[in-house]
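Heads up: the structure comes next, in structure tokens.
Here, each number is a calculation from the coordinates, and none is a lab measurement. All values derive from a computational prediction rather than experimental measurement. When we count neighbours, we look across all protein chains shown, and the Cβ atoms used for this are built from the backbone with ideal geometry, even at glycine.
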Amino acid sequence: MVYVKEFSGFKEMLASLDEDILEIKRVLGELLRRMEVLRVRAENERALKDVLSKMGISQTQGQVSNVVNLKKVKVIIKPTTEQELISLEEFVEYLTSRMILLESIKKELSLFSTTNIEAKIEVIYVDGLPKEIYVK
């Protein structure tokens, strides 16, 4: 997604970056709590499968995959706990890298906020990240 945001100055733009970072942190917190629940559930399922295996009871080998790969989207029908956990871990990694990138952009741009430059600022965002900044 590409969009343009206008700001009255660097301080306002940096405040917007702060809001974006805080939102990512909030979402990360929720995802990490959910991941912990899934980890416990996955651990319990592994332990149960291990016990069943020791009893000579195993899953059938001819199971049909529950994953449908479309062009850019993976559809998982009745996902296993392990599949959910892996997906959440990947998403947490993605969000963490976005947050780190936003924090580094903010740090680099914070030098401009120390000046008293009065200027209109336009920022072109691509996938939620600033890609170009126009100082007018």
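Just a few scattered comments:
- Among the residues of region 24-35, not a single one is surrounded by 11 or more Cβ atoms within 10 Å (Cβ to Cβ) and out of contact with any helix residue (DSSP H, G or I) (no Cβ under 8 Å at 6 or more places or on another chain).
- Out of E84, E118, E108, E43, sole residue that is over 21 Å from M1 (Cβ atoms), in contact (Cβ under 8 Å) with a residue 40 or more places away in the chain, surrounded by fewer than 13 Cβ atoms within 10 Å (Cβ to Cβ) and of a type outside the set (A, V, I, L, M): E118
- Of the strands (runs of 3 or more DSSP E) lying entirely inside region 50-135, those carrying at least 1 residues that are closer than 30 Å to E36 by Cβ are 67-69, 74-76, 129-135.
- If you go through region 1-29 and pick out every residue that is among the acidic types (D, E) and either in contact with a strand residue (DSSP E or B) (Cβ under 7 Å, 6 or more places away or on another chain) or not in a helix (DSSP H, G or I) (or both), you end up with 1.
- Residues of region 81-130 that are among the aliphatic types (A, V, I, L, M) and under 18 Å from E23 (Cα atoms): L88, V92, L95, M99, I100, L101, L102, I105, V126, L129.
- Residues (loosely packed, with under 15 Cβ neighbours inside 10 Å and either under 12 Å from the mean Cα position of the chain (by Cα) or not aromatic (F, W, Y) (or both)) located in region 123-136: I124, V126, D127, G128, L129, K131, E132, V135, K136
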